[in-house]
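The values are calculated or read from the model by the stated rules, or taken from the named source; none is laboratory data. The model shown is predicted, which means the values in this text are computed figures rather than measured ones. Counting neighbours? That spans all protein chains shown, and the Cβs are built from the backbone with ideal geometry, glycine included.
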């Protein structure tokens, strides 16, 4: 996927949440690994896990990690969301598919992007619903989730996950009604 300003804001927000502390960070739906690499480069006390369900994306992310010399701090695994990540996590970042399949072709900016990276069945939110559920089980008590949704960056602490889920659903409903 082509990096966009929202992805840069996603990385910046993740780094603000992390601060200088040591942390375990998971980048779910990592794609090329760009987000995990940006966080690892700017947060030397963080250990990163990058996951993706696509074997092609995992191979690309592993090559990018190797090329940037971050193999000691960024582990790339194939699998769904947090499944490949052991133990608790301090921060989860994600830019998952969230657009309904019915919106394919509506945004000319997205035509060249991989469909599976942008679109999901139904209202498009199932990947984020599943991620929020997984975060409820895996985030540390002070942990947080930072996501990209409709070109905006949203974040929630572990105790705010249900509020975030409701916000996503409300915004998805409004977007479907407007379409």
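Answer yes or no: is there a residue in region 125-139 that is at pLDDT below 95, surrounded by 13 or more Cβ atoms within 10 Å (Cβ to Cβ), assigned to a loop (DSSP other than H, G, I, E, B) and in contact with a strand residue (DSSP E or B) (Cβ under 6 Å, 6 or more places away or on another chain). No, region 125-139 has no match at all.
On the given criteria, is residue 9 in a helix (DSSP H, G or I) and touching a residue at least 24 places away in the same chain (Cβ under 8 Å)? The answer is yes for residue 9. Kindly indicate whether any position in region 56-65 is in contact (Cβ under 8 Å) with a residue 24 or more places away in the chain and not in a helix (DSSP H, G or I). Taking every residue of region 56-65 in turn, none turns out to be in contact (Cβ under 8 Å) with a residue 24 or more places away in the chain and not in a helix (DSSP H, G or I). Scanning region 10-43 for residues that are surrounded by 15 or more Cβ atoms within 10 Å (Cβ to Cβ), out of contact with any helix residue (DSSP H, G or I) (no Cβ under 8 Å at 6 or more places or on another chain) and modelled with pLDDT under 95 returns no hits. Consider region 71-116 and keep the residues that are modelled with pLDDT under 60 and part of a strand (DSSP E or B). The one that is nearest to residue 46 (Cα to Cα) is 99.
I'd like to check something: does region 24-40 contain any residue that is more than 17 Å from the chain's Cα centre (by Cα) and in contact (Cβ under 8 Å) with a residue 12 or more places away in the chain? Show your work before the answer.
Let us first name the residues in region 24-40 that are more than 17 Å from the chain's Cα centre (by Cα), namely none.
Within region 24-40, none of the residues are more than 17 Å from the chain's Cα centre (by Cα) and in contact (Cβ under 8 Å) with a residue 12 or more places away in the chain.
Being modelled with pLDDT of 90 or more, surrounded by 12 or more Cβ atoms within 10 Å (Cβ to Cβ) and out of contact with any strand residue (DSSP E or B) (no Cβ under 7 Å at 6 or more places or on another chain) is the filter here; which residues of region 149-166 pass it? Full working, then the answer.
Restricting attention to region 149-166, the residues satisfying the condition of being modelled with pLDDT of 90 or more are 153-166.
Keeping just the survivors that are surrounded by 12 or more Cβ atoms within 10 Å (Cβ to Cβ) gives 153-161, 164-165.
Those that are modelled with pLDDT of 90 or more, surrounded by 12 or more Cβ atoms within 10 Å (Cβ to Cβ) and out of contact with any strand residue (DSSP E or B) (no Cβ under 7 Å at 6 or more places or on another chain): 159, 160, 165.
The selection criterion, being over 16 Å from residue 147 (Cα atoms), touching a helix residue (DSSP H, G or I) at 6+ places or on another chain (Cβ under 8 Å), touching a residue at least 12 places away in the same chain (Cβ under 8 Å) and buried (at least 17 other Cβ atoms within 10 Å of the Cβ), holds for residue 46. Of the set (1) closer than 23 Å to residue 128 by Cβ; (2) part of a helix (DSSP H, G or I), all apply to residue 26 but (2).
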